[in-house]
Structure formats: C-alpha cells, structure tokens
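Working notes, structure below.
The values are calculated or read from the model by the stated rules, or taken from the named source; none is laboratory data. Predicted model only: the values in this text are computed from it and were never measured. Positions of Cβ are generated from backbone atoms using ideal geometry, with glycine treated the same way; all protein chains shown enter the neighbour counts.
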Amino acid sequence: MTIPSRDSYSEGCTVEIDAIPQEAGPCLDDYLPEATQRVDAITKQVRQGEPVDRGTRDWMLAQVDFVVETIGNENLELSEDLRSKLLQLLLSIANLNEHIRREASASL
C-alpha cells in the first residue's frame, strides 16, 4: 500500500506504508488535513462553476483508494480518531463527486 506524497498528490511519487513503523500516526496526521484542505478547495472551485480537470479527478480517486486500503489494512493499528478522520475524508470525497456529477448532468 502507498501514501501519495505531500508535495504532489496527482503525481506518481509515493511512500510505502507497509515500511512505515507503528509510529506512522503523525504521517497520517499530516496527510489528512492536507487532503481535506484540497477537497475543500476543489469543492469551492466546483461551487463557483469551474470545471474539474482529469488530474483532479484522478487525485480524488487515488485518495479513495488510499483511504479504503488504509482502513482495510489489518497490519495497521489505527486509533478511533484517525479511523474517523479517514472516513470523514472518504465521505467528503464521495459528496464532492456527487456534486460534480450533478453539475455535469445539469449542464447537458
């Protein structure tokens, strides 16, 4: 399993999460606010009527994959708080995706 790099979520740079020791909590603690901030920025962009490009959609899908893999990884011991934040991120992305879908179908 991999974590997208903090510098460029849409590029292929990754860190192997299986190689990160149990103390990896801070890495996820850094990732979650940054990913949430990016989802918020995309949401604002969509609400202003701006289109979402392919790279942004790919980034969103990569985050969904990451969250699902992280939560499903039996080798990681996630705190309830961290698990909750991952699920909140997943829900935010799902809501954003639905909003984008509705905007696209309304413009047809």
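Computed values, structure above
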read-out	value
Criterion violated by Val52 - all others in (1) outside any helix (DSSP H, G or I); (2) at pLDDT below 50; (3) surrounded by 14 or more Cβ atoms within 10 Å (Cβ to Cβ) satisfied	(2)
Matching residues in the range 30-66 - criterion: being in contact with a Leu (Cβ under 8 Å, 6 or more places away or on another chain) and over 21 Å from Leu87 (Cα atoms)	Val46
Pick from the range 59-108, criterion assigned to a helix (DSSP H, G or I) and of a type in the set (S, T, N, Q), ranking: surrounded by the most Cβ atoms within 10 Å (Cβ to Cβ)	Gln63
